[in-house]
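In what follows, a single structure is set out as structure tokens and then discussed.
The values are calculated or read from the model by the stated rules, or taken from the named source; none is laboratory data. Everything quoted here is computed from the prediction, not taken from an experiment. As a convention, Cβ positions derive from the backbone with ideal geometry for all residues, glycine included, and neighbour counts pool all protein chains shown.
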Amino acid sequence: MMLRLRRFWIRATADRRKFGMLCVALSVALLLWARLIIVTNMPRMAIAVPEGGAARTAGAPVQTGPVEVQRVEVRLDEFPMRDAFRIPSRQFPLPEPAPGAFRNEPKSGPETAENQMEVEANLRRQLQMLVDSLTLDAVMPTASLALIGGQAYSVGTSVPAGRGSDRRFLLIEVGHRSVTLEHEGHRFELKMRSPIP
């Protein structure tokens with residue numbers, strides 16, 4: 001056993017750097033070990049000074065026997081006096097409104113409803129924008145098939161308007177380089193884009 005310890009000591013002290021690291025590691029381990037002992041065996045002692053009395057000196061006798069406990073009754077309100085979620089106005093005052101900021105003006109009368117032609121024109125414009133967002137990739141007029149947005153559709157099937165809308169168009173007709181789509185009686189022609197020369 002002594003021979004092994006002697007060999008370890010020779011190997012440890014042969015290199016100064018390794019020996020320094022060993023010393024640092026050993027000192028840290030001792031420090032942590034000492035702290036662990038102190039923390040686990042910490043003395044638990046407290047001295048209380050009674051009201052109006054002086055603290056007991058080291059040589060004074062300890063009073064033994066029953067200790068009289070004084071009870072104090074505390075009455076709490078049945079309901080809270082203040083709202084805990086309300087912002088206090090003393091600490092955070094509200095800014096004063098500018099004079100004339102809130103005027104009591106008469107409310108405007110009911111506006112006349114849009115006429116039917118304006119409603120139809122707005123709907124047609126929205127539907128045309130949805131049709132313009134679609135791309136016609138290929139057509140097969142003989143088989144009545146069209147490739148719209150990478151999906152194949154035949155005549156009589158519904159074509160979704162796009163990602164942002166839940167409207168659907170009905171494929172009515174497949175032409176030479178175009179298709180006809182319909183939605184609620186409105187017909188639109190979707191043409192293939194001409195190749196760039």
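Taking the range 156-181 on its own, how many of its residues are farther than 14 Å from V131 by Cβ, of a type in the set (K, R) and without any contact (Cβ under 8 Å) to a residue 24 or more places away in the chain? Matching residues across the range 156-181 total 1. A single member of G164, G100, G156, G150 is modelled with pLDDT of 85 or more and exposed (fewer than 10 other Cβ atoms within 10 Å of the Cβ), and it is G156. Checking A152, A146 one by one, the residue that is under 41 Å from the mean Cα position of the chain (by Cα), part of a strand (DSSP E or B) and either in contact (Cβ under 8 Å) with a residue 24 or more places away in the chain or over 16 Å from R124 (Cα atoms) (or both) is A152 and no other.
Scanning the range 21-41 for residues that are farther than 30 Å from V179 by Cα, part of a loop (DSSP other than H, G, I, E, B) and modelled with pLDDT under 60 turns up nothing.
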